[in-house]
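The structure appears right after this line, and notes come after that.
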Amino acid sequence: MAESNTDTKSSNQMWGGRFASGPDAIMEEINASIGFDKKLFAQDIRGSIAHATMLAHQGIISSDDKDKIVHGLNTILSEIESGNFEFSRRLEDIHMNIEARLATLIGPAAGRLHTARSRNDQVALDFRLWVKEELEKTERMLTGLIAAFLDRAEEHAESVMPGFTHLQTAQPVTFGHHCMAYVEMFGRDRSRVRHAIEHLDESPIGAAALAGTGYPIDRHMTAKALGFREPTRNSIDTVSDRDFAIEFLSIAAITGMHLSRLAEEIVIWSTPQFGFVRLSDAFSTGSSIMPQKKNPDAAELVRAKTGRINGSLVALLTIMKGLPLAYSKDMQEDKEQVFDAAESLELAIAAMTGMVRDMTVNTHRMKAAAGSGYSTATDLADWLVREAGLPFRDAHHVTGRAVALAESKGCDLSELPLADLQAIHSAITDKVYNVLTVEASVASRKSFGGTAPSEVRKQIAFWRARN
Ligand code: ARG
């Protein structure tokens with residue numbers, strides 16, 4: 001039997017076990033968002049100042065009251081920034097915490113701030129402003145990551161490595177080309193970020209609870225003051241829309257997926273078996289028991305953070321999918337998902353940028369691996385098509401026999417004696433050896449977007465000009 005509690009507000013015996021007091025405390029705990037939405041304090045104050053200024057401009061409140069409100073809000077801003085603000089869970093959320101403090105500071109004038117608005121448009125505004133800033137930050141961070149890749153690509157435009165399909169050696173490529181593949185991915189992510197900023201660049205304030213307001217407000221004025229392109233066009237949609245948050249999470253998930261593929265490659269490349277790259281001490285850890293180890297923990301955690309971001313996206317999609325228009329309290333659950341994903345994404349991009357900049361590339365290991373596994377077999381087939389006029393399918397067959405022979409002799413294609421090659425097909429001459437090296441192979445792939453160093457340099461120049 002649970003400990004008895006004589007307090008009339010004691011927790012319910014059936015379902016209140018973990019609560020210190022009665023149902024109203026449970027209500028407070030499930031209802032309050034201050035624990036996480038205090039992060040929105042600066043946006044909330046900025047929005048309120050713009051709103052009060054507009055109300056005074058429109059003659060809805062006196063300019064004297066507006067001055068008091070603005071002064072009070074600025075005082076609260078510095079109180080919060082300096083850690084001298086007491087947040088109260090009883091006051092539920094950031095909006096009511098700030099408004100209550102404003103009343104203490106300036107008296108009855110505080111009560112006029114909430115004219116012609118509701119917490120529904122207020123929270124939509126605060127959160128949009130926050131997500132917009134986060135998207136702008138993401139854009140800058142992606143630019144930094146792209147710059148890191150461009151530098152490594154330039155340095156390694158000629159460094160040959162194996163290109164893989166099915167993680168089996170396929171054809172030689174350059175490390176510069178491989179780096180540029182990530183530039184394309186993160187470039188697309190960045191353009192998704194830019195589009196998302198355009199989509200959300202509309203001001204929600206003035207939609208009020210859901211229907212707009214009878215006061216003669218000027219929503220264009222507040223939109224401009226807050227740096228939005230224009231006000232939103234439908235008050236019902238304005239207070240029920242969280243697309244901007246979901247779009248942020250979708251972009252975070254796609255970017256995370258790219259980061260995670262890169263992380264996986266770094267994990268593989270840094271194994272002693274591959275030895276393609278060596279991570280700097282700054283981005284790896286040792287083992288507490290095995291002294292020889294150097295672990296790619298940062299890459300592994302980037303890979304893991306991606307799982308977390310995906311979880312946030314699915315959570316918010318699921319929260320929203322059943323909600324009738326307009327606002328429902330379910331929507332309060334949007335923030336933690338976005339805050340958590342934003343933190344993970346920032347960390348992941350920062351860690352990846354550091355790893356890419358710092359890692360040592362072992363070009364000898366890469367080149368040796370590029371030449372093994374008969375990676376120039378396609379070059380032999382192409383040579384037979386080009387120089388001996390064979391149809392590609394026949395050339396493929398001839399090459400297959402050459403590979404089988406080399407395999408049985410335990411040597412490379414370029415090490416097969418000419419007589420052996422000619423026994424397979426009489427049209428083969430000693431000129432074929434010119435295409436069997438990995439350098440010749442990559443240099444020949446000059447098609448637009450191909451791996452030839454000359455082509456990779458063109459793509460680097462293209463991206464430098466737009467980064
Ligand atoms: N804390 C709330 C949220 O984050 C603010 C909006 C409350 N609106 C309401 N009608 N109760 O969604």
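Tabulated results
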read-out: Residue match in region 205-218 (condition: of a type in the set (D, E, K, R) and outside any loop (DSSP other than H, G, I, E, B)); value: no
read-out: Boolean, LEU113 is more than 33 Å from the chain's Cα centre (by Cα), crowded, with 21+ Cβ neighbours inside 10 Å and within 16 Å of the ligand (Cβ to nearest atom); value: yes
read-out: Condition check for ILE254: of a type outside the set (D, E, K, R), open to solvent by less than 30 Å² (accessible area, probe 1.4 Å), under 22 Å from the mean Cα position of the chain (by Cα) and within 30 Å of ASP358 (Cα to Cα); value: no
read-out: Within region 333-349, tally of residues that are open to solvent by less than 50 Å² (accessible area, probe 1.4 Å) and over 18 Å from LEU135 (Cβ atoms); value: 0
read-out: Any hit, region 244-257, residues being within 30 Å of GLU202 (Cα to Cα), within 16 Å of the ligand (Cβ to nearest atom) and outside any helix (DSSP H, G or I); value: no
read-out: Odd one out for GLY107, checked against (1) part of a helix (DSSP H, G or I); (2) more than 16 Å from the ligand (Cβ to nearest atom); (3) on the phi < 0 side of the Ramachandran plot; value: (3)
read-out: Whichever residue in region 89-104 is open to solvent by 20 Å² or more (accessible area, probe 1.4 Å) and within 16 Å of the ligand (Cβ to nearest atom) and, among such residues, is nearest to HIS51 (Cα to Cα); value: GLU99
read-out: Test: residue in region 157-180 that is under 30 Å from ALA342 (Cα atoms), surrounded by 20 or more Cβ atoms within 10 Å (Cβ to Cβ), aromatic (Phe, Trp, Tyr) and out of contact with any Leu (no Cβ under 8 Å at 6 or more places or on another chain); value: no
read-out: Any hit, region 38-56, residues being among the β-branched types (Val, Ile, Thr), open to solvent by 30 Å² or more (accessible area, probe 1.4 Å) and within 32 Å of the chain's Cα centre (by Cα); value: yes
read-out: Candidate set from region 269-296 (those that are part of a helix (DSSP H, G or I) and touching a residue at least 60 places away in the same chain (Cβ under 8 Å)); member that is surrounded by the fewest Cβ atoms within 10 Å (Cβ to Cβ); value: ALA282
read-out: Some residue of region 73-88 being closer than 25 Å to ARG219 by Cβ, open to solvent by less than 70 Å² (accessible area, probe 1.4 Å) and either within 16 Å of the ligand (Cβ to nearest atom) or touching a strand residue (DSSP E or B) at 6+ places or on another chain (Cβ under 9 Å) (or both); value: no
read-out: Cβ pairs under 8 Å, 6+ apart, first in region 326-349 and modelled with pLDDT of 95 or more, second more than 8 Å from the ligand (Cβ to nearest atom) and not in a helix (DSSP H, G or I); value: ALA326/LEU210; TYR327/LEU210; ASP330/LEU323; MET331/ARG242; MET331/LEU323; ASP334/ARG242
read-out: Close pairs from region 119-131: first over 22 Å from LEU345 (Cβ atoms) and open to solvent by 10 Å² or more (accessible area, probe 1.4 Å), partner within 12 Å of the ligand (Cβ to nearest atom) and not in a helix (DSSP H, G or I), Cβ under 7 Å, at least 6 apart; value: ASN120/ALA209; ASN120/LEU210; ASN120/TYR327
read-out: Pick from region 296-343, criterion within 16 Å of the ligand (Cβ to nearest atom) and acidic (Asp, Glu), ranking: farthest from VAL267 (Cα to Cα); value: ASP330
read-out: Residues of region 310-326 satisfying the condition of being over 28 Å from LEU262 (Cα atoms), open to solvent by less than 70 Å² (accessible area, probe 1.4 Å) and of a type outside the set (Val, Ile, Thr); value: MET320, GLY322, LEU323, ALA326
read-out: Any hit, region 14-24, residues being more than 16 Å from the ligand (Cβ to nearest atom), part of a loop (DSSP other than H, G, I, E, B), surrounded by 17 or more Cβ atoms within 10 Å (Cβ to Cβ) and modelled with pLDDT of 95 or more; value: no
read-out: Hits in region 350-372 - residues which are assigned to a helix (DSSP H, G or I), open to solvent by 20 Å² or more (accessible area, probe 1.4 Å), within 13 Å of PHE276 (Cβ to Cβ) and in contact (Cβ under 8 Å) with a residue 24 or more places away in the chain; value: THR363, ARG365, LYS367, ALA369
read-out: Candidates MET320, MET366, filtered to the one that is out of contact with any Pro (no Cβ under 8 Å at 6 or more places or on another chain) and at pLDDT 95 or above; value: MET320
read-out: Residues that are within 12 Å of the chain's Cα centre (by Cα) and of a type in the set (A, V, I, L, M, F, W, C), drawn from region 334-351; value: VAL338, ALA341, ALA342, LEU345, LEU347, ALA348, ILE349, ALA350
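Quick grid of which residues meet (1) touching an Asp or Glu at 6+ places or on another chain (Cβ under 6 Å); (2) free of Cβ contacts under 8 Å to residues at least 60 places away in the same chain:
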{"position": "THR165", "(1), (2)": "no, yes"}
{"position": "HIS178", "(1), (2)": "no, yes"}
{"position": "TYR182", "(1), (2)": "no, no"}
{"position": "HIS199", "(1), (2)": "no, yes"}
{"position": "ALA208", "(1), (2)": "yes, no"}
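The values are calculated or read from the model by the stated rules, or taken from the named source; none is laboratory data. This is a predicted model, so every value here is computed, not measured. When we count neighbours, we look across all protein chains shown, and the Cβ atoms used for this are built from the backbone with ideal geometry, even at glycine. Ligands, DNA and RNA are excluded from the accessible area calculation, which covers all protein heavy atoms including side chains. Shrake-Rupley method; radii C 1.70, N 1.55, O 1.52, S 1.80 Å.
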